[in-house]
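Before we start, here is the structure in question, set down as structure tokens.
The values are calculated or read from the model by the stated rules, or taken from the named source; none is laboratory data. Owing to the predicted nature of the structure, the values given are computational and were not obtained by experimental measurement. Ideal geometry is used to build each Cβ from the backbone, glycine not excepted, and the neighbour counts take in all protein chains shown. Surface accessibility is based on the protein's heavy atoms, side chains included, excluding ligands, DNA and RNA. Shrake-Rupley method; radii C 1.70, N 1.55, O 1.52, S 1.80 Å.
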Amino acid sequence: VETEGSTAKFDLSLSMSETGQGLAATLTYNTDLFVEGTAKRLLGHLGVLLEEVTARPDARVGDVALLRGAEARKVLVEWNQTAAEFPRTATLHGLFEAQVQRTPEAVALVSEEGSLSYRQVNEAAEALAAKLRAWGVGPEVKVGLALERSAALVIAQVATLKAGGAWVPLDVEYPAERLAFMVQDSGAALVLAHSARAQELPVTSARVVLIEDALRAMETPAQTIRQTFTGADGLAYVIYTSGSTGKPKGVGVGHRAVVNHLHWRQQRFPM
């Protein structure tokens with residue numbers, strides 16, 4: 001193994017030559033990018049590969065090993081022992097409601113308009129959820145959220161889940177053609193938008209509702225929606241890929257998947 005500094009011609013280069021004892025290999029690497037241990041592991045993998053292909057010349061490339069012994073056990077077994085318990089029946093809005101019960105007056109949300117407690121966010125979300133239900137939102141019904149980062153966005157997300165629906169984030173800065181495709185492709189029945197940007201939205205089959213009008217019920221607490229409309233198997237939101245290699249694709253994410261991720265993150269990086 002040869003080391004080079006930032007003046008190396010290539011970041012990583014391998015040269016091989018025949019000798020009386022067999023092949024001799026020299027690996028040259030840029031020390032700004034690689035450490036010696038990494039370079040030696042790469043050569044070790046190459047050695048295993050060469051032994052495998054000479055012993056089994058007819059083997060498929062995908063069946064040829066690069067790892068052996070302790071390293072193979074670590075990568076293939078130890079690093080994959082990731083099974084962990086998490087609340088499998090929990091929903092996102094259910095976890096939020098549990099926090100409301102624990103700390104109702106604690107600050108939950110801070111925005112340019114001020115701060116809201118968990119109780120206030122929950123009451124606003126309950127009021128909006130009741131309206132969403134009246135407008136036909138229920139299990140598997142998608143609600144487009146063409147909202148900028150604000151308290152209204154968070155409330156709309158929680159309210160959509162409380163109503164049993166799933167939200168579809170719509171960035172109002174996207175081209176009209178992309179927004180129209182996302183709304184139509186997701187099958188969103190309703191789009192919530194700020195009044196200042198609503199005129200910029202393309203015309204689709206979805207009903208557009210101004211969030212300012214929808215949230216007027218924040219002034220009077222709504223009755224709690226006690227019925228559970230969506231379980232952990234239900235859809236929480238649909239997010240779209242960039243579409244850089246073709247048409248954007250919507251990916252549906254269920255409550256259980258997000259709860260699993262959040263539970264892992266809280267265990268790993270407690271907040």
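Residues in region 252-261: is at least one exposed (fewer than 15 other Cβ atoms within 10 Å of the Cβ) and part of a loop (DSSP other than H, G, I, E, B)?
Within region 252-261, not a single residue is exposed (fewer than 15 other Cβ atoms within 10 Å of the Cβ) and part of a loop (DSSP other than H, G, I, E, B).
Same structure again: Quick check on this structure: which one of 54, 28, 82 is more than 30 Å from residue 129 (Cα to Cα), in a helix (DSSP H, G or I) and polar (S, T, N, Q)?
When all the criteria are applied, what remains is 54.
Residue by residue, here is whether (1) touching a residue at least 40 places away in the same chain (Cβ under 8 Å); (2) open to solvent by 20 Å² or more (accessible area, probe 1.4 Å); (3) hydroxyl-bearing (Ser, Thr, Tyr) holds:
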| site | (1), (2), (3) |
| --- | --- |
| 140 | yes, yes, no |
| 149 | no, yes, no |
| 160 | no, no, yes |
| 166 | yes, no, no |
| 169 | yes, yes, no |
| 174 | no, yes, yes |
| 183 | no, no, no |
| 186 | yes, no, yes |
| 196 | no, yes, no |
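While we're looking at this one, here's another question. Identify the residue in region 242-251 that is open to solvent by 60 Å² or more (accessible area, probe 1.4 Å) and either under 20 Å from residue 175 (Cβ atoms) or part of a helix (DSSP H, G or I) (or both) and, among all such residues, is modelled with the highest pLDDT.
Ranking the qualifying residues of region 242-251, first place goes to 249.
Ok, one more. Which count do you get for residues in region 91-148 that are within 22 Å of residue 239 (Cα to Cα), of a type outside the set (A, V, I, L, M) and part of a strand (DSSP E or B)?
Result for region 91-148: 2.
Filter region 32-48 down to the residues that are open to solvent by less than 90 Å² (accessible area, probe 1.4 Å) and of a type in the set (Val, Ile, Thr), then identify the one that is farthest from residue 9 (Cα to Cα).
Out of the qualifying residues, it is 48.
Filter region 72-88 down to residues that are touching a helix residue (DSSP H, G or I) at 6+ places or on another chain (Cβ under 8 Å) and of a type outside the set (Gly, Ala, Ser), then give me how many there are.
3
In region 111-129, how many are over 26 Å from the mean Cα position of the chain (by Cα), surrounded by fewer than 18 Cβ atoms within 10 Å (Cβ to Cβ) and not acidic (Asp, Glu)?
So the count comes out to 4.
Can you tell me which condition residue 223 does not meet? The list is (1) open to solvent by 40 Å² or more (accessible area, probe 1.4 Å); (2) at pLDDT 90 or above, and all the others hold.
In the conditions (1) open to solvent by 40 Å² or more (accessible area, probe 1.4 Å); (2) at pLDDT 90 or above, residue 223 misses (2) alone.
Looking only at region 49-97, count how many residues are among the aliphatic types (A, V, I, L, M), surrounded by 15 or more Cβ atoms within 10 Å (Cβ to Cβ) and touching a residue at least 40 places away in the same chain (Cβ under 8 Å).
Residues meeting the conditions: 3.
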